[in-house]
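Q: Below is a structure I'd like to ask you about.
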Amino acid sequence: MDIAGALSFDHLKFLAAGFKVTLYIAFISIILSFIIGVVFGTLRYAKIPFLSKVVAVIVETIRNLPLLLIIFFTYFALPEVGLKLSPSTAAIAALTVFESAMLAEIVRSGLNSIDKGQKEAARSSGLTYIQTLWTVVMPQALRRMVPPIVSQFISLLKDTSLCVVIALPEFMHNAQIIYAQNINYIFPIFAVVVFMYFIVNYCLSLIARRLENRQA
Amino acid sequence: MIRFDSVNKYFGNFHVLKNINLEINKGEVVVVIGPSGSGKSTLLRCINRLETITDGELTVNDLKVNDKKTDINQLRRNIGMVFQHFHLYPHKTVLENITTAPIKVLKQSKEEAEKVARSYLEKVGIPEKANSYPAQLSGGQQQRVAIARGLAMKPEIILFDEPTSALDPEMIGEVLDVMKALAKEGMTMVVVTHEMGFAREVADRIIFMDQGQILEQGKPADFYANPKEERARLFLSRILNH
Ligand SMILES: Nc1ncnc2c1ncn2[C@@H]1O[C@H](COP(=O)(O)OP(=O)(O)O)[C@@H](O)[C@H]1O
Ligand SMILES: [Mg+2]
């Protein structure tokens, strides 16, 4: 083991650059997939003729594919039809597609978990379907969804490491480059990798717990 | 004001309302009783289209409830509803519970809606709870908030579906008192309840339902003293014996 060599200034700088890419890709994907997930989950919940069925088929299909396949697809298959994406765009696209489907399902079941009486009380007071959804059902459902949504965000952050297969210069990718030079670097570098993933994801869990407690 | 004309309703193959003919006039207080599962809630819920009828005609203020041309939200703002389990919005304060529909539906300003809400909270006897959340209130208080929420829309009709059945006995009185006051002010009310004291004091008419049919109707004094139908007699003896 060569701790000093593994954790040289240049190596740490290189790791930090990778970590920044991981955070950046994860952050953009989280924002996009949250928006799309809420929209798709709501459309599925609303049982709009035809449209809800279409959304259901899309969501179920994506949820049942391995994320790795979607990443390969966006980076290697799309250029075949003339859509060439950079590794980071391909990564964001793949993660967003996959996580949107996962979140849509969380949102749908969150909406379904709200007592039917809430909707009936709101509708019988003259509120429209949309007003009912927006002011009565959705706010209650979102509070209930915080824990599963945050755990989905945590897996998203970890899943960015799969983008190593398309040579996205993210955290795992850069770590690999360093320990590939020297077998004695493996353990120290792994320790840093574990530590960094843990710190960020632990912070996310703490935020989730805070949000949960606030509603209680 | 409310008129059922040969109304039938099915849930799938199950015939839940059978040839209902019923007219309820402005200012009338009608109490609906009958065994569990006889269709009382369904009858009530058809009036504001929480359930749709299968055939026949149902009108409120001469508007066909199930007509596509009828603006259902317009109709509903005129019909308050109070549920057995209150259904207050748990994420909103008492004041917000009451002002949501007046602000969103009647387009009242927040200040105006809050002023109205406070006056109704006064009326139901809990002005001090304006900023509490439903979970901080007793069942009786929650139901009174639900009534205030209904009243804030200034409806012409209020439907009550077993408003005291989920309450501890010591809280039933406070809710019934509010309802009695409303009845005496001339509100049109359709109330599913087995509270005989309430029915005797303020109801204009009792409707007895069994297996989806209206079996008997009458003035409370006559009905309770001398029900004509055997099944009504049986039912009354059962609720009186406990
Ligand atoms: N949404 C529904 N789908 C199917 N059956 C229902 C539904 N709602 C009520 N029912 C049935 O219709 C019958 C009448 O119900 P309800 O009107 O709630 O009776 P009550 O209020 O008199 O107890 C019951 O047998 C009940 O099981
Ligand atoms: Mg009922």
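Values in this text are rule-based calculations from the coordinates and carry no lab data. What you see is a predicted model, and the numbers here were worked out from it, not measured in a lab. Cβ coordinates were reconstructed from backbone atoms using ideal geometry, including for glycine residues, and neighbour counts include every protein chain displayed.
Table: residues versus (1) over 18 Å from the mean Cα position of the chain (by Cα); (2) within 18 Å of A:GLN131 (Cα to Cα); (3) within 14 Å of chain A (Cβ to nearest Cβ).
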position	(1), (2), (3)
B:SER41	no, no, yes
B:GLY56	yes, no, no
B:ASP62	yes, no, no
B:LYS69	yes, no, no
B:ARG77	no, yes, yes
B:TYR89	yes, yes, yes
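Q: Can you name every residue in segment A:112-128 that is assigned to a loop (DSSP other than H, G, I, E, B) and either charged (D, E, K, R) or within 7 Å of chain B (Cβ to nearest Cβ) (or both)? Talk me through it step by step, then tell me what you get.
A: Step one: filter segment A:112-128 for residues assigned to a loop (DSSP other than H, G, I, E, B), giving A:113-115, A:125-128.
Scanning segment A:112-128 gives A:ASP115, A:SER125, A:GLY126, A:LEU127, A:THR128.
Q: Right, something else. Please indicate, with yes or no, whether at least one residue in segment B:138-146 is among the hydrophobic types (A, V, I, L, M, F, W, C), within 14 Å of chain A (Cβ to nearest Cβ) and within 21 Å of the chain's Cα centre (by Cα).
A: Looking only at segment B:138-146, we keep the residues that are among the hydrophobic types (A, V, I, L, M, F, W, C), and these are B:145-146.
Filter once more, keeping what is within 14 Å of chain A (Cβ to nearest Cβ): B:145-146.
With the extra rule that they be within 21 Å of the chain's Cα centre (by Cα), the set shrinks to B:145-146.
Within segment B:138-146 (the criterion being among the hydrophobic types (A, V, I, L, M, F, W, C), within 14 Å of chain A (Cβ to nearest Cβ) and within 21 Å of the chain's Cα centre (by Cα)), the answer is yes, since at least one residue qualifies.
Q: Please state which one of B:ILE158, B:ILE172 is aliphatic (A, V, I, L, M) and either more than 27 Å from B:ASN61 (Cβ to Cβ) or within 16 Å of ligand 1 (Cβ to nearest atom) (or both). Outline the logic, then answer.
A: Values: B:ILE158 fails: either more than 27 Å from B:ASN61 (Cβ to Cβ) or within 16 Å of ligand 1 (Cβ to nearest atom) (or both).
Only one candidate qualifies: B:ILE172.
Q: If you don't mind, there's one more thing I want to ask. Has segment B:189-210 got any residue that is buried (at least 16 other Cβ atoms within 10 Å of the Cβ), at negative phi, within 14 Å of chain A (Cβ to nearest Cβ) and within 16 Å of ligand 1 (Cβ to nearest atom)?
A: yes
Q: Let me ask you something else. Kindly indicate which of A:VAL146, A:VAL136, A:VAL194 is within 14 Å of chain B (Cβ to nearest Cβ), closer than 19 Å to A:ALA26 by Cα and part of a helix (DSSP H, G or I).
A: Checking each option against the conditions leaves just A:VAL146.
Q: When the residues of segment B:149-161 are filtered to those that are over 13 Å from the mean Cα position of the chain (by Cα) and aliphatic (A, V, I, L, M), which remaining residue is nearest to ligand 2 (Cβ to nearest atom)?
A: Checked segment B:149-161; the qualifying residue nearest to ligand 2 (Cβ to nearest atom) is B:MET153.
Q: Looking only at residues that are touching a helix residue (DSSP H, G or I) at 6+ places or on another chain (Cβ under 6 Å), of a type in the set (A, V, I, L, M, F, W, C) and surrounded by fewer than 20 Cβ atoms within 10 Å (Cβ to Cβ) in segment B:96-135, which one is nearest to the other protein chains (Cβ to nearest Cβ)?
A: Once the filter is applied, the top-ranked residue is B:ILE103.
This table checks each residue for (1) more than 19 Å from B:LEU236 (Cβ to Cβ); (2) within 16 Å of ligand 2 (Cβ to nearest atom); (3) among the hydroxyl-bearing types (Ser, Thr, Tyr).
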site	(1), (2), (3)
B:PRO163	yes, yes, no
B:GLU170	yes, no, no
B:ALA181	yes, no, no
B:ALA199	no, no, no
B:ARG205	no, no, no
B:GLY212	yes, yes, no
B:GLU216	no, no, no
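Q: Being under 30 Å from A:MET138 (Cα atoms) and either in contact (Cβ under 8 Å) with a residue 12 or more places away in the chain or surrounded by 17 or more Cβ atoms within 10 Å (Cβ to Cβ) (or both) is true for just one of A:LEU95, A:LEU68. Which residue is that? Spell out the reasoning first.
A: Working: A:LEU68 fails: under 30 Å from A:MET138 (Cα atoms).
Exactly one residue qualifies, and that residue is A:LEU95.
Q: Here is a follow-up. From (1) within 14 Å of chain A (Cβ to nearest Cβ); (2) within 28 Å of B:GLY140 (Cβ to Cβ); (3) under 21 Å from the mean Cα position of the chain (by Cα); (4) of a type outside the set (S, T, N, Q), pick out the condition that doesn't hold for B:PRO35.
A: Going through (1) within 14 Å of chain A (Cβ to nearest Cβ); (2) within 28 Å of B:GLY140 (Cβ to Cβ); (3) under 21 Å from the mean Cα position of the chain (by Cα); (4) of a type outside the set (S, T, N, Q) one by one, B:PRO35 breaks only (1).
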